[in-house]
Amino acid sequence: MIKGYIYTMFAGADPGLGWQMTDPIYGKVPTLGACMPNIRRAVVKDDYIFSISGRVQNVKQYVVGGFSVDEKINALAAYNRLPANRMRVTPQGLFGNIIVDKNGNHLDFDYHKNYEKRIENYIVGKTPIVIDRPEHVEKAREETLEVLNQLFCRKETSIHQIIGRWRKLDEVQIRDLLAWMTNIGKG
């Protein structure tokens, strides 16, 4: 039975406002590296993970993207297989979601706590769907709260009231969320 999880990224993490996606990374091969160790631990192959933009004052949050889990590996294996995802300092700030060096040591500039709990269950995904075109982001901002209320049979005024930091999804909710996201991309 396929399950999924949806979670809110940290405050300020809003790619629609120019924040650079560091974790998850929605590339050709989507990944979730150091964030949300509880979700990374709970998922299995073919489950889904979705993320919502972080809170920004006076800006509506939106579902940023999602993907299906293909496999779980450790951070050192990710370092060797996905060099583009290695955490590094860039002019725009930190980028990457692999928080170890070539020897498996924690990078001293990584801000995550509980390093030991974050090096296992690096998620390598498949079939990413991401809302990234400006007109799609704006439509998603307008509709996300309503969509989440419908998915979870709620009537709340904020995303936090519906999912808190994260929430589990069943197969029907996953299907409905994917259909809505696909429809946003067609608009």
At 7 Å along the Cα-to-beta-carbon direction for both Arg165 and Gln20, put a label point, then send me their distance in nm to one decimal. 2.6 nm
Full extension between Phe10 and Asp46 adds, at 0.36 nm per residue less the Cα distance, a length in nm of 10.4 nm
Taking the Cα centre as origin and putting +1 on Lys and Arg beta-carbons and -1 on Asp and Glu beta-carbons, what dipole magnitude results for the stretch 112-187, to the nearest 20 debye? 260 debye
Which of Lys102/Lys186; Lys117/Lys155; Lys102/Lys126; Lys113/Lys139; Lys113/Lys168 exceed 30 Å between C-alpha atoms? The answer is Lys102/Lys186; Lys117/Lys155; Lys113/Lys139
Mind putting a number on the dipole of the stretch 15-66 about its Cα centre? Charges go on the C-beta only, +1 for Lys and Arg and -1 for Asp and Glu, and I need it in Debye to the nearest 20. 60 debye
Quick check: pseudo-label points 7 Å beyond the Cα along Cα→Cβ at His106 and Cys153, how many nm apart are they? 4.3 nm
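Quick one: putting +1 on the C-beta of Lys and Arg, -1 on the C-beta of Asp and Glu, what dipole do you get for the chain around its Cα centre, in Debye to the nearest 20? Please report the intermediate quantities before stating the final value.
Values: 26 positive and 21 negative charges, 47 e Å.
It works out to roughly 220 debye.
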With the cut-off at 1.5 for a/c, could you classify the stretch 40-187 from its C-alpha gyration tensor as rounded, prolate or oblate? prolate
Tilt relative to the chain, helix 171-186 - C-alpha long axis, 0 to 90 degrees, to 10: 80 degrees
I'd like the orientation of helix 134-151 relative to the chain: the angle between its Cα long axis and the longest Cα principal axis, in ° from 0 to 90, rounded to 10. 70 degrees
The chain: relative contact order from alpha carbon pairs under 8 Å, six or more residues apart, as a whole percent, is 29 percent
Among Leu17, Leu145, Leu169, whose mean-square fluctuation peaks in a Gaussian network model of the chain (Cα, cutoff 10 Å)? Leu17
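Every number in this text was worked out from the coordinates using simple rules, so none of it is lab data. In this text the structure is predicted, and so the values were computed from the model without any measurement. For neighbour counting, all protein chains shown are included, and Cβ atoms are generated from backbone atoms with ideal geometry for every residue, glycine included.
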